[in-house]
Amino acid sequence: MAASSFDGRQLSERVAGHVREAIMVGELRASAYVRVEHLAARLGVSATPVREALMILQSEGTLRWEPRRGFRVVPLTRGDVEDVFAVQAHLAGELAARAATVLPAGEIARLRAVQRDLEDAARAGDAARVDALNHEIHRTINKAPGAHRLASMLAGTVHYVPLGHFGRVEGWADASAHDHEAVFTALDAGHPEAARRAMSEHIEHVGRLLLEHLVDNGVLDRAETCVP
């Protein structure tokens, strides 16, 4: 990956995001060592932002520093994944509930048009397009209430979701194509609790699909996860 692909925000944060995603999809396995020089060469960046990124991930508990050996991946558990999506579902549900009282009818109509494009992209198998349109829908709903701190807290949980691998997680594109209707219906009706429930259930659904993906790819043990 070229350095230019990391333009747009602090380099160390972009590198940290890359490593988070690699761990969440199993490209970096539990107990593997992450070497500063190797990662810097692979990403086409200097060692300094990579070292800063690994320190960020250590502070989060994603990596563990071992003296004279380096940074090591902390094993990912079912609980880790469930916790991320439980918090995300709660925050996204609250923002959707608030959006139901302030989002104008014209904006909801625009979101429905975006949704139609998303469904077309899903049928065409264009995961990148589905991801972009899905982001636009959620961004609009999350920003509508003007609850900037709450939206910022939600964004912090999204850092742990491997959106860069959107097309690789079985069912994610379909979930974006089909789960949103209940959200739009609640927004149209101006029903905060229905919007909260629909959005929370959508996020929980996405989390279950990621768990299944991690089991299927050997990142989580099937017996430990008990995915139905």
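Residues that are surrounded by 15 or more Cβ atoms within 10 Å (Cβ to Cβ) and either closer than 18 Å to Asp188 by Cβ or not assigned by TED's automatic domain parsing to the domain that holds Phe184 (or both) within segment 113-127 comprise Val114, Gln115, Leu118, Glu119, listed in sequence order. Scanning segment 141-166 for residues that are among the aromatic types (Phe, Trp, Tyr) and either at pLDDT 85 or above or in a loop (DSSP other than H, G, I, E, B) (or both) yields one hit, Tyr160. Search segment 195-214 for residues that are without any contact (Cβ under 8 Å) to a residue 24 or more places away in the chain and pair each with any residue that is in a helix (DSSP H, G or I) when their beta-carbon atoms are under 6 Å apart and the residues are at least 6 apart or on different chains. Every condition considered, no pair remains.
Summed over segment 51-69, the residues that are surrounded by 13 or more Cβ atoms within 10 Å (Cβ to Cβ) and among the small types (Gly, Ala, Ser) give a count of 1. Do the conditions hold for Leu54, that is, is it closer than 30 Å to His148 by Cβ, in contact with a strand residue (DSSP E or B) (Cβ under 8 Å, 6 or more places away or on another chain) and at pLDDT 90 or above? Here the answer is yes, as Leu54 does meet what is asked. Only one of the listed residues (Ala155, Ala124, Ala173, Ala182) is aliphatic (A, V, I, L, M) and in contact (Cβ under 8 Å) with a residue 40 or more places away in the chain. That residue is Ala173. With respect to Leu214, is the statement that it is closer than 26 Å to Thr77 by Cα and modelled with pLDDT of 80 or more true? In short, yes. Annotation note: of Val130, Val169, the sole residue that is at pLDDT below 85 and surrounded by 17 or more Cβ atoms within 10 Å (Cβ to Cβ) is Val169. Restricting attention to segment 2-38 and to residues that are among the basic types (Lys, Arg) and over 18 Å from the mean Cα position of the chain (by Cα), the residue that is modelled with the highest pLDDT turns out to be Arg35. Looking at (1) of a type in the set (Gly, Ala, Ser); (2) closer than 17 Å to Gln88 by Cβ; (3) at pLDDT below 90, which is the only condition Ala122 fails? For Ala122, the exception is condition (2).
The values are calculated or read from the model by the stated rules, or taken from the named source; none is laboratory data. Keep in mind that what you see is a predicted model, and the values were worked out from it rather than measured. Every residue, glycine among them, receives a Cβ derived from its backbone with ideal geometry; neighbour counts consider all protein chains shown.
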